[in-house]
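Enquirer: This is the structure I want to talk about, given as structure tokens.
Just so you know, all these numbers are worked out from the coordinates, no wet-lab data involved. A quick note: this is a predicted structure, and the numbers were derived from the prediction, not measured. Here the Cβ positions follow ideal geometry from the backbone for every residue, glycine too, while neighbour counts run over all protein chains shown.
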Amino acid sequence: MTLTELERVDGEAGNFTVSLRKHPRYVDIDKCIACGRCVEKCPRQVRDEFNRYTDSRKAIYLKYPQAAPLKYQIDARHCIRMRGGRCAECEKACPRGAIRFDDSEQQVEVKVGSIILAPGFQPFDPFELGAWGFGRFRNVMTGMEFERLLAVSGPTSGNVLRPSDGKPVRKMAFLQCIGSRNYNQIHKSYCSAVCCMYAIKQAMIALENNKDLRISVFYVDVRTHGKDFERFYDKARQKGISFHRCRVHSVEPSESANEVCLRYMTENGKQVSENFEIVVLSVGMETNFETTLLAERTGIELTPEGFASTSCFAPVATSRPGIFACGAFTGPKDIPLSVIEASASATAAAVRLSDVRYSQSHTRQFPPERKTGEEDPRIGVFICKCGSNIAEVVRVRDLARYAETLPHVVFVETSLFACSQDSQELIKKRIGDEGLNRIVIASCTPRTHEQLFRETLKASGLNECLVEMANIRNQLAWVHSSEPEAANAKAMDLIRMAVAKAALLEPVPAVSVRITPQALVIGGGVAGMVASLELADQGFPVHLVEKAAQLGGNARHLFRTWKNDPVPSYIETLSTRIREHSLISVHLKSTVFDAEGFVGSFRSVVQKPTGNVAVDHGVTILATGAQAFKPNEYDYGLSQNIFTSLEFDKLHSAGDERILNGLNFVFIQCVGSREPERNYCSRVCCTHSIQSAIALKEGNRDRKVFVLYRDIRTYGLREELYRRARELGVIFINYEAHQKPNVVMKEENLEVIVWDHVLHEPFSIPADVIVLATAVVANPETKELAKLYKLPLDMDGFLQEAHVKLRPVDFATDGVFLAGLAHYPKPTEETIAQAQAAVARAVTVLSSRWIGLDLVKGRVDENKCDCCALCLDVCPYGALAVERERLDAGAEGAAPKQKLVVRAAKCKGCGFCQATCPKEGISVTGFSYRQLSAQVRAALDCG
Amino acid sequence: MSEWQPGFEPKILAFACNWCSYAAADLAGTARMQYPTNIRIIRVMCSGMVHPGLVTEAFQAGADGVLVMGCHLGECHYQDGNHKAKARLAVIDEMLSLLGLEQERFRLIWYSSAESERFAAVAREVTDVLKKLGPSPYRRDASEYADKGIIQCL
């Protein structure tokens, strides 16, 4: 349901009635084939909001080229017809009659058990704060606009040009924290969490396009706290991008219309004014009016900053039971965390509904498959005109006649739209009537339509692998319309290539794997505990393995989350629930020491104090945590008054006298983090220290508290803590990596010497207590487990997910998921969200009894394979193995025969084996050497 | 062999990865970008599945140029197929000299699925280069070009 708005929610969790208002699209999405003819004819130009108004679109349009569903819509505010004019150009141009000028608004009611809110954010509009010249100078733009400028599909095809005159840019600047961390002017104290990273990314792309470009970034703190972000930041500095710690207060005109002037302070305190050709304002995120309205309509609470109010222990649950939220709506965040929260909210929404799973779905039935193995190929070719999209360039009738002359072709037909329901029925009928056993569809792209035709084959009793497509629309008619003669010749080539390949297609039986509906969770910290409970609450038995004698992991050393929720009682509740849950078996003082199998059917051996147990499980969740770094600098271990953050917390809460009576406290940040040997940000330490600093100040206002930092990284809504600490008089002093503070042990007390950036001289701070904010380091034992399950680690020893952004809790190996600190340092609420996300991904496997596998897989030709095993090394998934088998029982004493086998559940059909094999002993279904070779020869008309 | 011959239309084969260049070629269509018709795309799941033998076969069967298109390094759908393709197809250079063909006839190119404009631009550029290079002596119709004195027969 696109173009739809929520109006009302009645009822309660498990039984909501939601009233929706569907706005008219004026295009029938069942008919629209996204051919774009309407756009060609539409006379109305409208400025394109997707390209941030930097170029134009039509009144009938696609919001962007990858829009889903890929269907056009009419912008009624600009359409001539909708505004009372007489135009109907799109209606005339549309080959499918999809235009519906009489489309109207509809009210829809749906009954649901849970609701997930993911309304996103809007970028801050700097126009309201005139200071940066946005809207006044043409070359001042927001980060969102600059992003479009860098996009290859954007208005300048990815070239960085000055909007004022279209000339290439030589010098540009980024201004950070525009619309973020600005309480005084706009009452937005929070940090938008993504802008530092997007600015650095944009700067790097711009630099790649133009090596001579000079780029300056003006920042308050550089917040590259995500996985691998710190290294990217370093790389940016090495590439020559200059970073200035300075908040530029305004953008001023310069003598040239193509430049603006920035005035700023250098690190040495000198005031400089410099001209730049483009100034990018790195705008932050905010909640828009519609989202506030949505919160009101759903009856959920918002934070003072306008984001959905959630607790650290239920990061995707809103204030109203049964309604969940994810993404930037719960606070500014980047893509990986948004994707994690999306999966987490799916889990949260599903737990309550698990007993009615599949009660409203039905499975499609197909007729039994016809055996075609022995038959000679009888190829049917169906050529689509796609209205006139193809027919306008390709002489379809000639093409059909040509197809008839090709080997093995026994039937050829053309249709107006091969994808339409009636054409599908007709293809089904022809397959039966003509006894076709291979099908070639010449139409659009297999990327969008192959699945549809595969279903048609299945419905006709043919194996779905017996279809091949010739892409004569996207890769022919549309791109060669200016050369119709050559295009027609090429169309013949494409049909010939498809027919040549089709003749060699082979039926492949569908493969499915039985699922053991049970999970193994390794690690009994917060991540492991949450994952176990959420799985068990959905009815799946869980084996939870913990190496220590009790559950809780690192959280046992924590007291409060940054939102002040008490951690110990939470851990206690989780442990009690786990102990009492009938579906969870807890294995304490245990480790996993052997594992085999694949998605759906793993077997792992758990070493327990009482002996070994084998556990069968369909999925594995790794939540093996991390460790606190033990420092060897700042005289740690030499004084009774120097602690790590965790040690300090314990003593503080126990009322230790050193802290109770202490008056001078110094926190040193980045101890062990952001160092050459550990070049990442530990993400939690800034917030942790500031929280402690606030507690110290609130305990006694006379205390002097100093925080020595490199960049304060209280990202997102945590920034409020930083503001509060400053209000309370906590003193923050910046230091650089090459000029670290010095701890001097004196007889009566300690002293910390740090370079003062205002006075430009060393500054000495007497200290009763020094707290070292130490790094979070990878758990060395994770390495062994990673080996067992064949999972990759990153260079810092953390588990490497399948895709940093799109698959943040998956591995390339199916059926294994990750959560918590084993992935990267993170605070409690992110750990919990990630555990819930891992559960959502695990349930996609566990909730079926069988899992159907993709058919594009390696297959061994035993007549050709000689088991040289070259392919074993290149397989990235460990899907190949050489097995020994005995000859006939009669052949006593015969040497065992070797055989190459493909473990179908692990194979993903990449074909590296095929490209390595010197004998065509292994090939990928639908892309075998023979099939590709037939295409090559057909393309060159070389039989 | 170095001058462009009017009337000569090179035949170019492109092994295009399903996740990047093939998608970019589709997108080029959606945007109605125009490029020369010389390129024939063969869809593969990954540049890492293209056996060097296939490339050799294409040249022996008379292709004037062969392209293998994969995802940008570091962006492979199957971890590192493009790296494998790069390592494996290094042998093509050697094979080309054995066949007596110019190195410019083969290219390994990286794309993302959004780079439709680049797909079209590369198609134009490669066609241009091959037109200037002239027909491959392995073409079935090579003798016609030899008769005109454009190339030497093998």
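Enquirer: Could you give the length gained on full extension between A:Glu483 and A:Glu698, defined as 0.36 nm per residue of separation minus the Cα-Cα distance, in nm? Show your work: numbers first, answer last.
Expert: Working: separation 215, 0.36 × 215 = 77.40 nm, distance 7.79 nm.
The span from A:Glu483 to A:Glu698 would gain 69.6 nm if fully extended.
Enquirer: Moving on. For chain B, set up a GNM with springs between Cα atoms under 10 Å and report which of B:Val66, B:Val122, B:Val44 has the largest fluctuation.
Expert: With Cα springs under 10 Å in chain B, the top fluctuation among B:Val66, B:Val122, B:Val44 is at B:Val122.
Enquirer: Average projected area of the Cα convex hull of the range A:24-104, in nm²?
Expert: Details: hull surface 19.9 nm².
Average projection, Cα convex hull of the range A:24-104: 5.0 nm².
Enquirer: Which entries of A:Lys630/A:Lys783; A:Lys547/A:Lys746; A:Lys458/B:Lys84; A:Lys188/A:Lys630 show an alpha-carbon separation above 31 angstrom in the structure shown?
Expert: Table pairs above 31 Å Cα-Cα are A:Lys547/A:Lys746; A:Lys458/B:Lys84; A:Lys188/A:Lys630.
Enquirer: Whole angstrom only: what separates the Cα centroid of the range A:304-362 from the Cα centroid of the range B:4-42?
Expert: The two parts, judged by their Cα centres, are 44 Å apart.
Enquirer: Find the centroid of the Cα atoms in the range A:653-696 and in the range A:146-186, then give the distance between the two in whole Å.
Expert: With the range A:653-696 and the range A:146-186 each reduced to a Cα centre, they are spaced 37 Å.
Enquirer: Calculate how many DSSP beta bridges within the protein assembly as shown are antiparallel, expressed in % of all such bridges and rounded to the nearest 5.
Expert: 50
Enquirer: Oh, and also: Within 13 Å, Cβ to Cβ, of A:Glu290, how many net charges do the neighbouring residues add up to if Lys/Arg are +1 and Asp/Glu are -1? Please list the in-between numbers first.
Expert: On the way: positive: A:Arg21, A:Arg297; negative: A:Glu5, A:Glu7, A:Glu286, A:Glu296.
Around A:Glu290, the charge tally is -2.
Enquirer: Would you work out which of A:Ser309, A:Leu293, A:Ser319 lies farthest towards the positive end of the dipole of the range A:276-325? Charges go on Cβ: Lys and Arg +1, Asp and Glu -1.
Expert: Result: A:Ser319.
Enquirer: Another question, then. Please report, in cubic angstrom per residue, the volume enclosed by the convex hull of the alpha-carbon atoms of the range A:68-176.
Expert: So the per-residue Cα hull volume is 245 Å³.
Enquirer: Treating cross-link reach as a plain straight distance, find the lysines whose alpha-carbon is under 29 Å from the alpha-carbon of A:Lys270, omitting any fewer than eight places away in the same chain.
Expert: By straight Cα distance, A:Lys270 reaches A:Lys171, A:Lys201, A:Lys211, A:Lys235, A:Lys239, A:Lys740.
Enquirer: Could you tally the net charge around A:Thr573, taking each other residue with its Cβ under 15 Å from the Cβ of A:Thr573, Lys/Arg +1 and Asp/Glu -1?
Expert: -2
Enquirer: With unit charges on the beta carbon (Lys/Arg positive, Asp/Glu negative), name the residue among A:Gly179, A:Phe643, A:Ala773 whose Cα is farthest towards the positive pole of the charge dipole of chain A.
Expert: Positive-most Cα among the choices belongs to A:Gly179.
Enquirer: Something else: About its Cα centre, what dipole magnitude does the protein assembly as shown give when the only charges are +1 on Lys and Arg Cβ and -1 on Asp and Glu Cβ, stated in debye to the nearest 20?
Expert: The dipole magnitude comes to about 1280 debye.
Enquirer: Under 5 Å between amide H atoms, partner at least 5 residues away or on a different chain: which partners does A:Ala308 have, H built in plane at 1.01 Å?
Expert: When sequence neighbours closer than 5 places are left aside, the close amide H contacts are A:Thr303, A:Thr330, A:Gly331.
Enquirer: Please list, in order, the residues from the range A:7-36 whose amide nitrogen is less than 14 Å from a point placed 7 Å along the Cα→Cβ vector of A:Thr448.
Expert: Correct set: A:29-36.
Enquirer: Counting only DSSP beta bridges with both residues in chain B, tell me the antiparallel percent, nearest 5.
Expert: 0
Enquirer: With Cβ to Cβ distances under 10 Å as the rule, what net charge do the other residues near A:Ile80 carry (K, R +1; D, E -1)?
Expert: +3
Enquirer: Around A:Ile584, which amide H atoms from residues at least 5 apart in sequence, or from another chain, sit under 5 Å from its own amide H, with H modelled in the peptide plane?
Expert: A:Val542
Enquirer: If you average the sequence gap of Cα pairs under 8 Å that are 6 or more apart and divide by the length of chain A, what percent do you get for the contact order? Numbers along the way, then the final one.
Expert: Numbers: 1979 pairs, mean separation 98.1, N = 943.
It rounds to 10 percent for chain A.
Enquirer: Given a Förster distance of 41 Å, report the FRET efficiency between B:Lys148 and B:Ala90 from their Cβ-Cβ distance, rounded to the nearest 0.05.
Expert: Plugging the Cβ-Cβ distance into 1/(1 + (r/R0)^6) gives 0.70.
Enquirer: Under a plain spin-label model, where a point goes 7 Å from the Cα along Cα-to-Cβ, how far apart in nm are A:Glu5 and A:Asn679?
Expert: Rounded to a tenth, the inter-label distance reads 5.0 nm.
Enquirer: Could you run the Debye sum over the Cα atoms of the protein assembly as shown, one equal point scatterer each and no solvent, and tell me log10 of I(q)/I(0) at q = 0.05, 0.08, 0.10 Å⁻¹, two decimals?
Expert: -0.39, -1.01, -1.51
Enquirer: Hey, how many Å between the Cα centroid of the range A:491-564 and the Cα centroid of the range B:93-151?
Expert: 46
Enquirer: A follow-up question, please. Could you state the principal axis extents of the C-alpha atoms in the range A:445-494, from the largest down, to the nearest angstrom?
Expert: 40, 18, 12
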